[in-house]
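Here the structure comes first, spelled out in structure tokens, and everything after it is commentary.
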Amino acid sequence: MYFTSPSSTKIIPKAGIIPQHVAIIMDGNGRWAKSRLLPRIAGHKRGIEAVRTAVKACIENGVNYLTLFAFSSENWRRPPEEVSYLMQLFNTVLEQEIIKLHENGIRFKVIGDLTKFEARIIESIRNGEQMTASNTRLTLTIAANYGGRWDIMQAVRKMYVQAPKLTNNFVEEDLSQHFAMSYAPEPDLFIRTGGEKRISNFLLWSLAYTELYFTDTLWPDFNKDALDLAIQSYQQRERRFGRTSEQLQKLK
Ligand code: IPE
Ligand code: IPE
Ligand code: MG
């Protein structure tokens, strides 16, 4: 018996009017700052405001899972000053916001390779996850030093450690139970702000049947209206999961 959420390639998920899980690539902080002749880090700072707004708007809309891509496994390639500022910002946010998340009934989770972070960041993450573990209003997942390929690789490693005798007859669930976000359903709606139309190594496996939404709005400008627009776009989609439109009409 596995405690993983259903796979969209095994079972056709029930798609409600409100996406149960929204996953966002928060992009465009640097350009937001540049257009105001500010240093890039000012954009990251403003991005935190947009995170607060998005969390609130998701709760108001009845979204159950919000996953935010905060730092990719490739973002270490940035100038050391920017990486160092992002780490500081992450640390400050963890120290200041976890209590507020808890008071608001939000479960906090982090996915990614945490081994690269400073000890105090790892400790704040673990404390925050433990403190908020039984909250049910919204699960907020921050993807930090996350990469879709890292996730698949670490899951394969865990699968073999747990069941070294597995040979060529393993099934999807043998692997998927080890994905970093196996506690959540697959995302219904993916949003990328900042105008780029790419996945940038985000949730490669679980985006299989996710509806994709791209907006030119830069992350610091992404507000409740912008989220509502994304949800409205989602509501126009016909989620067929491989079937024909006619089959879906018959089910109505
Ligand atoms: C996203 O904004 C935040 C992180 C990747 C940490 P960017 O910093 O990528 O902003 P742009 O894309 O340069 O505008
Ligand atoms: C993706 O944004 C990662 C995050 C938002 C954390 P990037 O700005 O790093 O993506 P690329 O380099 O434009 O693909
Ligand atoms: Mg970017």
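The values are calculated or read from the model by the stated rules, or taken from the named source; none is laboratory data. This one's a predicted model, so the numbers in the text were calculated from it and none came from an experiment. Don't worry about glycine lacking a Cβ; one is built from the backbone with ideal geometry, like all the others, and counts go over all protein chains shown. The area values use the complete protein model at the heavy-atom level, side chains included, leaving out ligands, DNA and RNA. Shrake-Rupley method; radii C 1.70, N 1.55, O 1.52, S 1.80 Å.
Among residues of segment 54-67 that are open to solvent by less than 40 Å² (accessible area, probe 1.4 Å), those with a beta-carbon under 6 Å from a residue that is part of a helix (DSSP H, G or I) at least six positions away or on a different chain give the pairs Ala57/Lys224; Ala57/Leu227; Leu66/Cys58. Of all residues in segment 45-99, those that are closer than 22 Å to Thr139 by Cβ, acidic (Asp, Glu) and under 19 Å from the mean Cα position of the chain (by Cα) total 3.
Of all residue pairs spaced 6 or more apart or on separate chains, those with beta-carbon atoms under 8 Å, a first member in segment 191-212 that is under 18 Å from Cys58 (Cβ atoms) and a second member that is more than 16 Å from ligand 1 (Cβ to nearest atom) and open to solvent by 50 Å² or more (accessible area, probe 1.4 Å) are Arg192/Leu212; Glu211/Arg237. Restricting Arg137, Arg149 to those that are more than 20 Å from Asn29 (Cα to Cα), touching a Leu at 6+ places or on another chain (Cβ under 8 Å), touching a residue at least 40 places away in the same chain (Cβ under 8 Å) and open to solvent by 20 Å² or more (accessible area, probe 1.4 Å) reduces the list to Arg149. Answer with yes or no whether Ala208 is open to solvent by less than 20 Å² (accessible area, probe 1.4 Å), at pLDDT 95 or above and at negative phi. No: the conditions fail for Ala208. For segment 87-115, taking the residues that are buried (at least 19 other Cβ atoms within 10 Å of the Cβ) and of a type in the set (A, V, I, L, M, F, W, C), the one that is farthest from Val63 (Cα to Cα) is identified as Phe90. Inside segment 8-23, can you point out the residues that are open to solvent by less than 80 Å² (accessible area, probe 1.4 Å) and in contact with a helix residue (DSSP H, G or I) (Cβ under 7 Å, 6 or more places away or on another chain)? Ile18, Pro19, Val22, listed by residue number.
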